[in-house]
1. Got a sec? Which of THR140, THR72 is touching a residue at least 60 places away in the same chain (Cβ under 8 Å) and either within 27 Å of PHE171 (Cα to Cα) or within 19 Å of the chain's Cα centre (by Cα) (or both)?
2. Is it true that TRP256 is surrounded by fewer than 18 Cβ atoms within 10 Å (Cβ to Cβ) and in contact with a helix residue (DSSP H, G or I) (Cβ under 8 Å, 6 or more places away or on another chain)?
3. Where the second residue is among the hydroxyl-bearing types (Ser, Thr, Tyr) and the first is in contact (Cβ under 8 Å) with a residue 12 or more places away in the chain and lies in region 241-260, which pairs have Cβ atoms under 7 Å and are six or more apart or on separate chains?
4. I need the full set of residues from region 143-155 which are open to solvent by 10 Å² or more (accessible area, probe 1.4 Å) and touching a residue at least 40 places away in the same chain (Cβ under 8 Å), in order please.
5. Among the helices (runs of 4 or more DSSP H) confined wholly to region 193-254, which include 1 or more residues that are in contact with a strand residue (DSSP E or B) (Cβ under 6 Å, 6 or more places away or on another chain)?
6. Would you confirm whether or not region 156-173 contains a residue that is in contact (Cβ under 8 Å) with a residue 40 or more places away in the chain and either touching a Lys or Arg at 6+ places or on another chain (Cβ under 6 Å) or outside any helix (DSSP H, G or I) (or both)?
7. Kindly indicate whether GLU98 is at pLDDT 95 or above and among the acidic types (Asp, Glu).
Amino acid sequence: MAAASPLRDCQAWKDARLPLSTTSNEACKLFDATLTQYVKWTNDKSLGGIEGCLSKLKAADPTFVMGHAMATGLVLIGTGSSVKLDKELDLAVKTMVEISRTQPLTRREQLHVSAVETFANGNFPKACELWEQILQDHPTDMLALKFSHDAYFYLGYQEQMRDSVARIYPFWTPDIPLSSYVKGIYSFGLMETNFYDQAEKLAKEALSINPTDAWSVHTVAHIHEMKAEIKDGLEFMQHSETFWKDSDMLACHNYWHWALYLIEKGEYEAALTIYDTHAQAFF
């Protein structure tokens, strides 16, 4: 299993060719901590959870544009609210834009702000185009990769979801933090476009590095479902459960996949037990 990478400060982000416009090392590290939890689909108590990290991040540097872009983007990408219904969210978007106009930003940061604003206004395809512009010049920008991947998912753009990752995949060498999770993100796009064998190979590679990668587990669950491999699917979920059950943002959905296998077997009571014991707790 890969060891956790130290959280990146200002210099580390510069070294990664992803400079952040802030002089606060604390803000940079909290940005990294939040991004890491988003990628892993979990609120890590040792890091303070996503909300805890974002709260500290804003305190460390209230005018850190990328902090605002990520915080606002995460609310929007969750699709639980919108700027038309949520005045606080609408204000957050406007504040992000206003702050972005008060300081010299890199083109990458400007594109991030534009993409989040565009997404907030409901133009998901255009937002994806802006994130893709970032990835053309900065293929290891994980925030652009994840936001675009999730937006393509909502749009049902299966080929774009695959090809967006395919283009940047060669740049993600093992020394880059979170690189193994790119395998899982790529594998999901391959699965969605029916390349099941390639998708399973990549997802298993990701899991061999990080068994707690709940998104890769999710991909494998889909593959067994699509190939009607009910027995294999059940065994996989049972054997891997201990690693992904604490992924609080995705475990519920993975348990739902587990229940689907049981329904296909006609074991309805067992499926309900999975729901009552695990899935329901997340609602």
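1. Numbers: THR72 fails: touching a residue at least 60 places away in the same chain (Cβ under 8 Å).
Going through THR140, THR72 in turn, just one is touching a residue at least 60 places away in the same chain (Cβ under 8 Å) and either within 27 Å of PHE171 (Cα to Cα) or within 19 Å of the chain's Cα centre (by Cα) (or both): THR140.
2. Details: surrounded by fewer than 18 Cβ atoms within 10 Å (Cβ to Cβ): yes; in contact with a helix residue (DSSP H, G or I) (Cβ under 8 Å, 6 or more places away or on another chain): yes.
For TRP256, the condition - surrounded by fewer than 18 Cβ atoms within 10 Å (Cβ to Cβ) and in contact with a helix residue (DSSP H, G or I) (Cβ under 8 Å, 6 or more places away or on another chain) - is met.
3. Cβ pairs passing all conditions: PHE243/THR212; TRP244/THR212; ASP246/THR42; SER247/THR42; SER247/THR212; ASP248/THR42; MET249/THR42; ALA259/TYR275.
4. In the first step, residues of region 143-155 are kept if they are open to solvent by 10 Å² or more (accessible area, probe 1.4 Å); the result is 150, 152-155.
ASP150, TYR154 - these are the residues of region 143-155 that are open to solvent by 10 Å² or more (accessible area, probe 1.4 Å) and touching a residue at least 40 places away in the same chain (Cβ under 8 Å).
5. Working: elements: 196-209, 214-226, 230-244.
It comes to none.
6. no
7. Working: at pLDDT 95 or above: yes; among the acidic types (Asp, Glu): yes.
The answer is yes for GLU98.
The values are calculated or read from the model by the stated rules, or taken from the named source; none is laboratory data. Treat the numbers as computed from the prediction; the structure is a model and nothing was measured. Cβ: placed from backbone, ideal geometry, glycine included. Neighbour counts: every protein chain shown. The protein model used for the area step is the full one, side chains on, heavy atoms only, and it has no ligands, DNA or RNA in it. Shrake-Rupley method; radii C 1.70, N 1.55, O 1.52, S 1.80 Å.
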